[in-house]
Every structure is written in structure tokens, then in C-alpha cells.
1. MET42 to SER26: extension gain in nm, 0.36 nm per residue of separation minus the Cα-Cα distance?
2. Using a Förster distance of 30 angstrom, determine the FRET efficiency expected from the C-beta separation of VAL13 and TYR57, and round it to 0.05.
3. Output the peptides 58-71, 34-47 sorted from most to least packed, where packing is the average of other Cβ atoms within 10 Å over each peptide's residues.
4. How would you rank ASP2, ASP75, going from fewest to most other Cβ atoms within 10 Å of each one's own Cβ?
Amino acid sequence: MDELLPFLVSAGVLAAVLGGFARLASRVRRRGLAGAAMRAAMASYDEAFRVTAHDAYYEIQAQVERQAPMAAPDDPWRPAYDRPGSRPGAARARTRAPRRRRRWWTPGR
């Protein structure tokens, strides 16, 4: 029994540490603190080891913070395909052909 005691103690300590980490992870998720911390940690790692990825991180953040231009309240209404920034040919992508209906029940099955 004396030979088994160190293994039981180390297994108990390991279980306690893992339980503490699980509780900490649930608390961080509940409070919403994980997103900013992980983003900052990965940004510092990228800055140190992968400079091009760090530059790309700041480009992506600038794109996220940019807002789409909105029409002024007194501008005339234009359809979505005619607005600036819309994809060319977006209005022609949809055809007017009727869709085939899928049968939910087919005889003979």
C-alpha cells in the first residue's frame, strides 16, 4: 500500500489542478473575457515570431472597424444592385424559372 500512495497523491493533485482549470475556463467564458485576452496574446506572439502575420492582424482590425457607407436620408431610393459597393451582376444572378418541387412522399417506396 505504501508504494501506491505517491501515485494516488499525484493523481489527486492532477485532478484538482485540472478541475481548477475547468472552473476557471467556465468563469472566463461566462464573463466574456477570453476573446480579448486570446486576441492580444496571439497578436503579441505574431509580432515576435511572424511579422507578416502581425501586419495582417492590424489590417484585419482596420477592416473590421471600417463602416459601410450609408445613404443620406434625403437621397432617392435605389435598388440594391444599383447601390455603390454592390457586386456587378448581382441582380442577374437569380433566374425567373420556377423551382422544381421536391416530393416528400413518393409512391412505391
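1. 3.7 nm
2. E between VAL13 and TYR57, to the nearest 0.05, is 0.20.
3. Numbers: 58-71: 8.6, 34-47: 11.9.
Ranked by mean Cβ neighbours within 10 Å, highest first: 34-47, 58-71.
4. ASP2, ASP75
Coordinate-derived values only; no laboratory data. As the structure is a prediction and not an experimental result, all values here were calculated from the model. In this analysis, Cβ positions are derived from the backbone assuming ideal geometry, glycine residues included, and neighbour counts consider all displayed protein chains.
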